[in-house]
Amino acid sequence: MFGYLTMHHRFLTYRMHQCYVNYYCGTCFALEHNFGQLSRLLLSNDVALLGILMECHPGSQEPRQLCFGKCREKHCRFHGGIWKQLAAMNLLLVQEKLKDDRNDDRSLRALAGMALLRGHFKKAEDKYPGMARVITQGYADMYTLEQAGSRIRPIEDRFAEMMVQAAGSFRPLEHWEELYIRHISRWVYYIDALDDYEEDSRRGRFNALLEPDAETYDAYVKQYMTTIMEDLAYIYDDLEQLAELVPKDHPERALLRTMIFNDIPLRTSYVLSGRKQIRGKMGSIWEGADRYS
């Protein structure tokens with residue numbers, strides 16, 4: 001359920017691209033300087049977008065800081081404060097993703113990842129117990145809904161509520177910020193379920209979209225396209241209204257708007273056409289910023 005909220009270069013001005021790269025790299029540096037080098041492998045584009053929303057990078061328009069060099073300067077900037085919270089949230093979400101993979105099909109990669117990164121996850125939990133409880137309870141509630149055979153909207157709404165609560169532990173959210181996180185999160189859950197339809201059907205895993213008379217993705221799209229369009233309209237109507245609420249006075253906010261108007265439609269079209277998301281090492285938790293380039 002990670003890696004869908006990436007920015008495509010074709011939609012960005014130079015200023016917006018510079019801003020995005022600094023947030024993406026800043027999230028990576030925050031993982032490094034707060035939780036160690038190994039944690040950088042868990043970098044999520046989705047969490048970097050949250051950093052953009054929270055505007056936690058006062059120097060977003062400065063020249064990009066390279067991976068090597070000026071280590072002391074990067075440590076001072078990305079160690080502690082809201083960057084540490086962002087990095088912790090990244091780790092806590094990945095931990096739940098690995099637990100989910102382990103529970104679904106006893107994934108050996110997930111088991112190995114949990115063992116290898118146990119210390120990193122424990123550090124994040126100990127530092128931010130409130131955030132950890134919100135995320136753990138959110139996934140537990142979603143699992144309960146899944147076990148009850150729930151349809152998709154109650155689950156995606158619970159996922160969205162969890163993300164709002166977790167982000168709210170950073171600082172009080174403005175109304176438009178809360179709506180942005182909520183509606184974007186609903187889209188992420190839905191498009192992930194749609195993207196995983198055929199694999200979940202083949203492996204006998206839960207998917208809130210699964211229909212007994214459509215075992216393959218192509219069959220589902222052909223038979224239930226009307227339902228898919230209704231589901232997407234339900235999400236997009238809120239997103240379009242939200243876009244009008246997003247302020248237009250910073251490059252960060254320009255990035256938030258281009259995610260709604262450009263990147264989300266692009267990724268939706270990829271999934272609907274059957275062109276699967278390009279996956280990284282352990283499912284979708286490790287993603288490249290330029291995977292559609």
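The values are calculated or read from the model by the stated rules, or taken from the named source; none is laboratory data. Keep in mind that this is a model prediction, so the values were computed, not measured. Note: ideal-geometry Cβ built from the backbone for every residue, glycine included; neighbour counts use all protein chains shown. Areas reflect the complete protein model, heavy atoms only, side chains present, ligands, DNA and RNA absent. Shrake-Rupley method; radii C 1.70, N 1.55, O 1.52, S 1.80 Å.
Here is a yes/no grid of residues against (1) among the aromatic types (F, W, Y); (2) open to solvent by less than 50 Å² (accessible area, probe 1.4 Å); (3) touching a residue at least 40 places away in the same chain (Cβ under 8 Å):
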position	(1), (2), (3)
H75	no, no, yes
G80	no, yes, yes
L93	no, yes, yes
E96	no, yes, yes
A110	no, yes, yes
G113	no, yes, yes
G119	no, no, no
Y128	yes, yes, yes
Y139	yes, yes, yes
query: Looking at this structure, is V164 under 14 Å from the mean Cα position of the chain (by Cα) and modelled with pLDDT of 95 or more?
result: yes
task: Just name the residue that is surrounded by the most Cβ atoms within 10 Å (Cβ to Cβ) out of those in the stretch 196-227 that are under 21 Å from R158 (Cα atoms) and aromatic (F, W, Y).
output: Y197
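Which of the residues spanning the stretch 234-251 are open to solvent by less than 40 Å² (accessible area, probe 1.4 Å) and either of a type in the set (G, A, S) or more than 24 Å from the chain's Cα centre (by Cα) (or both)?
Residues of the stretch 234-251 that are open to solvent by less than 40 Å² (accessible area, probe 1.4 Å), as a first pass: 235, 239, 242-243, 246-247, 251.
Listed by number, the list holds a single entry, A243.
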- prompt: How many residues does the stretch 98-108 contain that are under 18 Å from T136 (Cβ atoms) and either hydroxyl-bearing (S, T, Y) or surrounded by 22 or more Cβ atoms within 10 Å (Cβ to Cβ) (or both)?
  reply: 1
- prompt: How do the pairs read when you match residues in the stretch 231-256 that are without any contact (Cβ under 8 Å) to a residue 60 or more places away in the chain with residues anywhere that are of a type in the set (D, E), using Cβ under 9 Å and keeping only pairs 6 or more apart or on different chains?
  reply: I235/E156; R253/E55
task: Inspect the stretch 2-14 for any residue being without any contact (Cβ under 8 Å) to a residue 60 or more places away in the chain and closer than 20 Å to G81 by Cβ and give the result as yes or no.
output: no
message: Within the stretch 148-157, does at least one residue satisfy the condition of being touching a residue at least 24 places away in the same chain (Cβ under 8 Å), more than 27 Å from E32 (Cα to Cα) and of a type in the set (V, I, T)?
response: yes
field: Matching residues, the stretch 1-56, being among the small types (G, A, S) and assigned to a loop (DSSP other than H, G, I, E, B)
entry: G3, G36, S44
statement: If we ask which residues in the stretch 164-195 are open to solvent by less than 30 Å² (accessible area, probe 1.4 Å) and either in a loop (DSSP other than H, G, I, E, B) or without any contact (Cβ under 8 Å) to a residue 60 or more places away in the chain (or both), their number turns out to be 7
query: Which of (1) open to solvent by 10 Å² or more (accessible area, probe 1.4 Å); (2) assigned to a loop (DSSP other than H, G, I, E, B); (3) under 26 Å from Y143 (Cα atoms) is the odd one out, the single condition E230 does not satisfy?
result: (2)
statement: Note on the stretch 146-163: residues open to solvent by less than 50 Å² (accessible area, probe 1.4 Å) and assigned to a helix (DSSP H, G or I) are E146, I152, I155, E156, R158, F159, A160, M162, M163
query: Can you pull out the residues in the stretch 1-51 that are crowded, with 20+ Cβ neighbours inside 10 Å, over 19 Å from L92 (Cα atoms) and touching a Leu at 6+ places or on another chain (Cβ under 7 Å)?
result: M7, C19, Y20
field: Count of the stretch 234-273 residues which are over 16 Å from E178 (Cβ atoms) and outside any helix (DSSP H, G or I)
entry: 4
